[in-house]
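S.K.: Below you will find the structure I want to go over with you.
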Amino acid sequence: MNRPDKTMYFLNIALSVAARSTCLRRTFGAVIVKDNTIVGTGYNGNARGVTNCHEIGCIKDIMKSPQGAAYDYCPAVHAEENAIINSNRSDRVGATLYIAGLKPDGSYTMALPCQRCQRKIINSQIKDVVILRDDDTPMTVDVDEYIKADSDWYTKLVQDHR
């Protein structure tokens with residue numbers, strides 16, 4: 001076995017965290033790292049104490065909702081959100097967020113943060129997001145890209161509705 005570099009080390013930990021997910025569609029794990037120290041982890045799943053999909057089924061499956069839609073029906077808290085909740089603000093500033101995900105068949109799925117999570121990442125002052133791609137390679141995103149994309153989206157939305 002080859003010794004993984006730090007990026008793959010933290011992405012592999014994110015995959016281990018994902019194993020706790022209560023989502024039936026896809027499992028995601030997130031790890032916040034600052035100065036090579038893990039300062040927060042999270043996986044996607046229902047809020048603490050709330051009935052979860054493993055217990056009664058997935059409402060998005062029952063409603064035949066496509067991937068990336070019907071967030072208003074899904075009771076899950078996303079992995080990125082949980083990692084942010086489970087960390088201290090001072091530890092997040094300038095940190096790196098590692099995200100990895102799996103499909104139900106065990107293959108990798110690229111865990112791109114939704115717009116809601118991107119905004120939380122921005123406000124958390126996390127510097128970079130490293131995402132495990134479907135092909136088992138990492139992709140790094142500077143959070144400034146999320147800021148620009150959200151600003152462009154909002155500007156266009158306002159202009160289109162004037």
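The values are calculated or read from the model by the stated rules, or taken from the named source; none is laboratory data. Because the structure is predicted, anything quoted here is derived from the model rather than measured. For neighbour counting, all protein chains shown are included, and Cβ atoms are generated from backbone atoms with ideal geometry for every residue, glycine included. Accessible surface is based on the protein model in full, side chains and every heavy atom, while ligands, DNA and RNA are left aside. Shrake-Rupley method; radii C 1.70, N 1.55, O 1.52, S 1.80 Å.
S.K.: Using each residue's phi in the range 66-75, evaluate 6.51 cos²θ - 1.76 cosθ + 1.60 at θ = phi - 60° and report the 3J(HN,Hα) Karplus result to the nearest Hz, with x for Gly and Pro.
M.R.: Residue by residue, the range 66-75 yields x, 4, x, 9, 6, 4, 5, 8, 6, x Hz.
S.K.: Sticking with this one: Using θ = phi - 60° and the Karplus curve 6.51 cos²θ - 1.76 cosθ + 1.60, what whole-Hz ³J(HN,Hα) does each residue of the range 54-60 get, with Gly and Pro shown as x?
M.R.: Running phi through 6.51 cos²θ - 1.76 cosθ + 1.60 with θ = phi - 60° gives 5, 7, 10, x, 9, 4, 5 Hz.
S.K.: GNM, the chain, Cα, under 10 Å: largest mean-square fluctuation among Asp150, Asp142, Asp105?
M.R.: Asp105
S.K.: If I build a Gaussian network model for the chain, linking alpha-carbon pairs within less than 10 angstrom, which residue out of Ala95, Ala19, Ala70 has the largest mean-square fluctuation?
M.R.: For the chain, modelled as a Gaussian network with Cα springs under 10 Å, the answer is Ala70.
S.K.: Continuing with this model, one more query. Select from Gly29, Met8, Cys58 the residue farthest towards the positive end of the dipole of the range 1-95; place +1 on Cβ of Lys and Arg, -1 on Cβ of Asp and Glu, and compute about the Cα centre.
M.R.: Met8
S.K.: Shifting gears a bit: Taking the Cα centre of the chain as origin and charging only Cβ (+1 Lys, Arg; -1 Asp, Glu), how large is the dipole, in debye to the nearest 20? Intermediate results must be reported in sequence, preceding the final value.
M.R.: Values: 20 positive and 19 negative charges, 67 e Å.
So the dipole magnitude of the chain works out to roughly 320 debye.
S.K.: Keeping the other protein chains in place, figure out the carbon and sulfur percent of the accessible area of the range 1-87, with a 1.4 Å probe.
M.R.: Values: 2640 of 5030 Å².
Carbon plus sulfur share of accessible area: 52 percent.
S.K.: With the crude spin-label approximation of a point 7 Å out along Cα→Cβ, what separation in nm comes out for Asp135 versus Asp35?
M.R.: Reported label-point gap for Asp135 and Asp35 is 3.7 nm.
S.K.: Residues with amide H under 5 Å of Met110's amide H, sequence separation 5 or more or different chain, H placed in the peptide plane at 1.01 Å from N; which?
M.R.: So Met110 has HN proximity to Asp134.
S.K.: Once Rh is set to the Kirkwood radius over Cα pairs, what Stokes-Einstein translational diffusion coefficient, in µm²/s, holds for the range 73-123 at a temperature of 20 °C and a viscosity of 1.002 mPa s? Intermediate results must be reported in sequence, preceding the final value.
M.R.: Values: Rh = 12.3 Å.
The estimated diffusion coefficient comes to 174 µm²/s.
S.K.: A further question follows. How much area per residue is accessible in the chain when the probe is 1.4 Å and only protein heavy atoms are counted (Å²)? Working shown, then result.
M.R.: Numbers: 9510 Å² over 162 residues.
Normalised by residue count, the accessible surface of the chain is 59 Å².
S.K.: Here's something else I'd like to know. To the nearest 0.05, what FRET efficiency results for Tyr73 and Val93 with a Förster distance of 30 Å applied to their C-beta separation?
M.R.: Computed FRET efficiency for Tyr73 and Val93: 0.35.
S.K.: Using only the Cα atoms of the range 77-162, construct the convex hull and provide its projected area averaged over every direction, in square nanometres to one decimal.
M.R.: Working: hull surface 27.3 nm².
Average projection, Cα convex hull of the range 77-162: 6.8 nm².
S.K.: Right, here's the next one. Return the sequence-ordered ³J(HN,Hα) values of the range 127-144 in whole Hz as given by the Karplus equation 6.51 cos²θ - 1.76 cosθ + 1.60 applied to θ = phi - 60°, using x for Gly and Pro.
M.R.: 8, 9, 10, 10, 10, 7, 7, 4, 8, 6, 10, x, 10, 9, 10, 6, 4, 4
S.K.: If you look for lysine pairs in the chain that are eight or more places apart or on different chains, how many of them have Cα atoms under 23 Å apart?
M.R.: Eligible lysine pairs with Cα atoms under 23 Å apart amount to 10.
S.K.: If a/c stays under 1.5 just call it rounded; otherwise compare a/b with b/c (prolate if a/b is bigger, oblate if not). Do that for the range 1-90, with a ≥ b ≥ c from the square roots of the Cα gyration tensor eigenvalues.
M.R.: Values: a/c = 2.57, a/b = 1.80, b/c = 1.43.
Verdict is prolate for the range 1-90.
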